[in-house]
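Where a number appears in this text, it was derived from the coordinates with a stated rule and is not lab data. These numbers come from a predicted model, not from an experiment. Backbone-built Cβ (ideal geometry, glycine too); neighbour counts: all protein chains shown.
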């Protein structure tokens with residue numbers, strides 16, 4: 001059943017360690033946002049307004065990864081005041097590009113970058129929101145697809161399942177009429193193991209997919225790695241191709257570690 005029309009549900013947007021790109025995608029919805037704008041109250045969205053309406057909130061959109069003890073505590077407070085919590089973007093769903101530090105000693109980088117490293121407080125790892133609290137839905141992408149965001153919000157407001165594709169980027173390539181860059185040009189491409197959502201924009205411009213939407217449903221990364229090796233990809237290149245925006249996603253993390261330890 002849809003929500004009671006006499007009282008508009010409150011939506012809040014929260015930021016953790018991230019670049020703000022996914023929040024900007026929400027602002028960029030423009031006309032598409034009008035489809036749900038009259039059905040909700042944007043109660044907390046510092047990126048767009050200084051006005052804050054206290055919770056609890058019907059929906060919370062969370063961008064960014066957990067990288068500090070303060071954030072690890074704060075996300076639990078947000079979860080308690082949110083009926084539905086949706087993570088948006090690669091940082092929130094897998095740890096983001098900052099999760100590259102998970103493969104090294106973060107103190108080595110802090111000492112290089114900051115003149116006074118003793119003032120920096122950071123957890124050893126950068127982790128997705130789901131490792132800390134219950135998440136109701138994960139919307140992937142770097143950045144997210146703005147129309148997919150509107151669809152997810154609309155679905156939860158109307159108590160239905162979001163209509164988000166679960167196939168790989170290869171299906172998007174076929175629908176768009178792209179010629180496979182890996183088969184025709186020998187360009188390494190993560191499309192076969194990457195979640196759809198970008199409309200195969202990189203292969204459409206003759207470059208390989210670098211998996212900004214993270215692993216697809218049940219990806220066969222071992223098979224793809226074998227193909228990359230047959231194409232002449234070195235051990236270091238194999239490690240690097242899986243350590244991008246979604247380096248901490250379980251399937252990519254395990255595959256990169258496997259090649260690192262060979």
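Distance between the pseudo-spin-label points of residue 210 and residue 69 (7 Å out from Cα toward the beta carbon): 3.5 nm. Using the Cβ-Cβ distance between residue 36 and residue 217 with R0 = 25 Å, the FRET efficiency computed as 1/(1 + (r/R0)^6) comes to roughly 0.40. Just check the stretch 114-261 against the gyration tensor rule for me: Cα atoms, a ≥ b ≥ c as the square roots of the eigenvalues, rounded for a/c under 1.5, and otherwise prolate or oblate depending on whether a/b exceeds b/c. Oblate, since a/c reaches 1.5 and b/c is not below a/b. Maximal additional length on extending the residue 81-residue 261 stretch stands at 60.5 nm, based on 0.36 nm per residue less the C-alpha distance. Take the Cα radius of gyration of the stretch 64-140 and divide it by 2.2 N^0.38 Å, N being the number of residues; the result is 1.19. With 0.36 nm allotted per residue and the present C-alpha distance subtracted, the residue 175-residue 229 stretch has 16.6 nm of extension available.
Does the stretch 154-220 come out rounded, prolate or oblate, given a ≥ b ≥ c as the square roots of the eigenvalues of its C-alpha gyration tensor, rounded meaning a/c under 1.5 and, failing that, prolate meaning a/b above b/c?
Prolate, since a/c reaches 1.5 and a/b exceeds b/c.
Plugging the Kirkwood radius over Cα pairs into Stokes-Einstein for the stretch 10-157, at a temperature of 25 °C and a viscosity of 0.890 mPa s, what D comes out in µm²/s? Taking Rh from Cα pairs, D becomes 154 µm²/s. Of all DSSP bridge pairs formed entirely within the chain, close to 25 percent run antiparallel. What FRET efficiency would be calculated for the residue pair residue 158, residue 48, taking the C-beta separation as r and a Förster radius of 25 Å, to the nearest 0.05? Once rounded, the FRET efficiency stands at 0.60. When shorter helices are ignored and each DSSP H run of at least 4 residues is given -39500 (n - 2.57), the per-residue value for the chain at 222 nm works out to -9500 deg cm²/dmol.
On the basis of the beta-carbon distance and an R0 of 25 Å, residue 187 and residue 20 show a calculated FRET efficiency of 0.20.
By the gyration tensor of its Cα atoms, with a ≥ b ≥ c the square roots of the eigenvalues, what is the shape of the chain: rounded for a/c under 1.5, prolate for a/b over b/c, or oblate?
oblate
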